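Readers should treat all values here as calculations from the given coordinates under stated rules, not as data from a laboratory. It should be emphasised that the depicted structure is a prediction, and the values quoted were computed from it without experimental measurement. Quick reminder, even Gly has a Cβ in these numbers, built from the backbone with ideal geometry, and neighbours come from all protein chains shown.
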Amino acid sequence: MKKKLYRRFPALMIGSMLLLSPALLLKIGLEKRPGAQKDEGAYVESLVREEGTLPAQGGPLTLPGASEQASQSLSRTEAGNDKTVAPEAVSSVPSLTENETTPEETTQEKRAPSMEEFFSTVLFIGDSRSVGLYEYAGLEGADFFATSGMSVFRLWEKEVSVPGVGKLTLEELLKQKQYDTIFLMTGINELGYEHTAIVKRYGDTMETIQALQPETVLYVCANLHVTKDRSDRDEIYNNEQIDWLNGEIAGLAEESPAVYLDVNPLFDDEQGALRSDYSGDDTHPYGKYYQEWGRWLYETCVQTPRPSQETD
Amino acid sequence: MVFSSLSFLLGFMPVFFLLYYRMPKNGKNGLLLIGSIVFYGLGVWRHPSYLLLLLISMAVNIRIGKTISDKGGQAGKRWLYLGLIWNFGILFLFKYRGFFCENLNRLLPAGMAVLQESRPELPPGISFYTFQVVSWLIDVDRGAGYESGSGPRIATYLCMFPQLIAGPIITYREVEGALKKRRHTLALLDKGLREFVIGLGMKVLLANRVGNLWREVGAIGYESLSMPLAWMGIAAFSFQLYFDFCGYSRMARGLGWMMGMEFPENFRDPYQALSMTDFWRRWHITLGRWFREYVYIPLGGSRQGRGKTFRNLLIVWLLTGIWHGASWNYVLWGLVLFALIGMEKLGLEEKLKRHPPMGHAYMLLAIPLTWLVFAVTDLSQLAVYLKRLLGLATGSGTAVFGQDYIKYGKTYGLWLLLCLLCCTPLPGRLYRRWGHTWTASLGLLAVFWFSVYCLYMGLNDPFLYFQF
């Protein structure tokens, strides 16, 4: 009787191991074989852990009529305009003393909205770093359609609780509220996906946003680098991949009315990686640095002429 | 290689035990030795020199042990000192040299800093196997002797894979009998497998989960924590550390039983302790025992008056602190433990024992606060965290998200409560009562496969104690 009792658990373990282990080992082996296509499911545990299934790869995500509207709005800017903005651009704006201020500039300065005014008509769309901006940057009045692990592959399907608005999809939000400025801040969670699918989906997303909000200025933001330590040890989320993606996003912005913003120089070390003393997890800046980021966004957007102003 | 890895669970472990149980009795030790070398080699494949270091160290120590036994007396003692210098010297080179040079350079005038401050990656388990081999050398010197022809057996003892990289720190006399002759029964296999699965569940399903909260607290930055989240953070770290290390020890013990060996218990409900003295009798028992037997008692223990007792305690707790890591916070941590245990020796412990609710309340604060000193290596950041625990501002313009504890409470609240429940004697009582029912067996099977699933999905992180 006793022997029977002791046989039970080892039998269960050995039996289940014999049944399940080969299949699991085979699956792991297939995923790890050289040149194997990155599988979406394997990277569910992406930059920020979040359970759930990823959407099917590829396939345009354009809403009915979106392409036409987007192509109309394209005519607002001239091709070849350099619309990339990095922190250097902001610092290069000369700071004028009171005596040096021209009457035109004074009028323009007077017209410049305060930080509160500016962000009261802003929407952030993004992942955990946008969540960080919501929580720590103190950007009163801005709306945030952001959640940890967000990517362009799930942007349109996922319902998100937008503080002060409610739980809704991005499409519902964009149809419900009009924004002067939208910041699109996704990309890093997409890095586990196939490259062409990422770029296509990102471009479709930009078009769709512009179609739904033709009057808004869309800023597509570079993905923040990770620290050198993480970059060196991570096959997927490393700075080489991030720079590749940022280059693609900048390219998409070139071909559209959107403006590309690159905040990385604000947080980078001399090796072009996120400063290790700015981050506790090698990926996200500490809470206190989001204020700096928010301030930079404000200064950049207010001090840099908008695309529509350039072409007018 | 770690126990909570797919390569161990689905590769090394089944293959090893398949061979082990098929091996005739006289070949089992040999297989265990080879298996252990393979296990270590796979874990350090990026640094093959670490495997070489282990093998050389093993050979040198066996030779020294034999010489201590052969020569005896003062000559044997000299060989023992040589062994201590060899073992602690290697430990110093890898673990403490960087810290030592860094501080020496600070003391030297500017421009005089000639010592390099390199901090090489630590060979896995070096702190554990150094202490283990030193215990053997001292025991040989104390009269345990060296049996002729026991070299392979001692080599097996020194590098048995279940306890090689994170303990428990076993003395040779504890396993000598089993290494000579041991029985393999179905009951032991059953007991060992169950213990292993319980340990795996503690590590993967509890420690890793709540460990994520501690990781997120670090990512936010201590300046930006609300007071409730700061407390949740250290609670999470306290649970993570316990379930991580206790889980590992239980897996090691389970593997021991599966091989017919009895490894000592390393944890005994430490969070049920009523005092810090009591806590350290229940936490990492084999390390505490090592310091007691090889440092505290040889120094005179508590039998030479109060002054010397306190001196001995101070030495032991400073060494305990330093053993855990080469950084000033570990020194401070050792000092804090000394202060608490010293106060308890002066009469506080008796009072706490007489009033258990008072003891629990005291430990409810003392445990997480001492772990905080242990966890935060940067002393200025430690000060920041302590301020946040008290709700004090850490500087102007610091961003705090006031609702953070609600956000993280929703994600981790139930896990924290589950961890709290698992720190009580209740799960143990239930297991003893119902452990052999079909339901419990299926439950353990589910724990095993769910752990495998979590590891497969990448919800894994290394053992906390490996860095020490």
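Determine one quarter of the surface area of the Cα convex hull of the stretch B:130-260, which equals its mean projected area, and express it in nm² to one decimal.
Averaged projected hull area, Cα only: 10.3 nm².
Quick one: what are the phi-derived ³J(HN,Hα) couplings along the stretch A:179-190, Karplus 6.51/-1.76/1.60 with θ = phi - 60°, whole Hz, x for glycine and proline?
10, 6, 9, 10, 9, 9, 10, 10, x, 5, 5, 7
Tell me, what is the percent relative contact order of chain B, built from C-alpha pairs under 8 Å that lie six or more residues apart?
Over chain B, the number comes to 18 percent.
Would you calculate the convex hull of the Cα atoms in the stretch B:94-201 and tell me its volume per residue in Å³?
Dividing the Cα hull volume of the stretch B:94-201 by its residue count gives 157 Å³.
Rounded to the nearest 0.05, what FRET efficiency do residue B:84 and residue A:23 give with R0 = 45 Å and r taken as the Cβ-Cβ distance? Could you check?
Efficiency computed from Cβ-Cβ geometry: 0.30.
With a bin width of 5 angstrom, please list the P(r) values of the stretch A:112-234 as percents of all Cα-Cα pairs, from the 0 bin to the one holding the largest distance.
2, 10, 20, 24, 20, 12, 6, 3, 1
Above 21 angstrom, tally the Cα pairs of the stretch A:179-289 and express them as a % of all pairs, no decimals.
38 percent
In the P(r) worked out for the stretch B:289-433, what percent of Cα pairs fall beyond 28 Å?
40 percent
Could you tell me the distance between the Cα centroids of the stretch A:199-224 and the stretch A:276-304, to the nearest Å?
Centre-to-centre distance over Cα atoms comes out at 21 Å.
Along the stretch B:417-422, what does the Karplus equation 6.51 cos²θ - 1.76 cosθ + 1.60 (θ = phi - 60°) give for ³J(HN,Hα), rounded to whole Hz, x for Gly and Pro?
For the stretch B:417-422, the Karplus curve yields 5, 5, 4, 4, 4, 6 Hz.
Taking 7 Å along the Cα-to-C-beta vector as the label spot, tell me the residue B:292-residue B:453 distance in nanometres, rounded to one decimal.
Between residue B:292 and residue B:453, the simple spin-label model gives 4.3 nm.
Could you state the principal axis extents of the C-alpha atoms in the stretch B:6-182, from the largest down, to the nearest angstrom?
Answer, in whole Å and largest first: 65, 49, 22 Å.
Excluding the sites themselves, what is the longest stretch of chain B that contains no GluC sites (Glu not before Pro) in a DSSP loop with at most 16 other C-beta atoms within 10 Å?
The answer is B:266-468.
Tell me the Kirkwood radius of the stretch B:312-388: reciprocal of the mean inverse pair distance over distinct alpha-carbon atoms, in Å.
Its Kirkwood hydrodynamic radius stands at 13.3 Å.
For the stretch B:188-467, count the residues as N, evaluate 2.2 N^0.38 Å, and divide the Cα radius of gyration by that value, please.
It is 1.07.
If one computes the Cα centroid of the stretch B:374-438 and of the stretch B:297-357, what distance in Å separates the two points?
The two parts, judged by their Cα centres, are 26 Å apart.
So what J values fall out for the stretch B:382-389 if you push phi through Karplus, 6.51 cos²θ - 1.76 cosθ + 1.60 with θ = phi - 60°, rounded to Hz, Gly and Pro as x?
Running phi through 6.51 cos²θ - 1.76 cosθ + 1.60 with θ = phi - 60° gives 4, 5, 4, 4, 4, 5, 5, 5 Hz.
Test of understanding: extend the Cα→C-beta vector of residue B:107 to 7 Å, then name every residue of the stretch B:73-99 with backbone N under 18 Å from that spot.
So the set is B:92-93, B:96-99.
Among DSSP beta bridges whose residues both lie in the protein assembly as shown, state the antiparallel percentage, nearest 5.
20 percent
Which value, to two decimals, describes the C-alpha radius of gyration of the protein assembly as shown once divided by 2.2 N^0.38 Å?
The reported ratio for this selection is 1.10.
Taking chain B, how much of its Cα-Cα pair set, in percent, is spaced more than 39 angstrom apart?
Beyond 39 Å sits 25 percent of the P(r) for chain B.
Would you please name the trypsin sites (Lys or Arg not before Pro) within the stretch B:41-84 that are DSSP coil residues with at most 15 other C-beta atoms within 10 Å of their C-beta?
Of the trypsin sites (Lys or Arg not before Pro), the ones in loops of the stretch B:41-84 whose Cβ has at most 15 other Cβ atoms within 10 Å are B:46.
Quick one: Debye curve from the alpha-carbon atoms of the stretch B:287-354 only, equal weights, vacuum; give me log10 I(q)/I(0) at q = 0.28 Å⁻¹ to two decimals.
The calculated log intensity ratios at q = 0.28 Å⁻¹ are -1.19.
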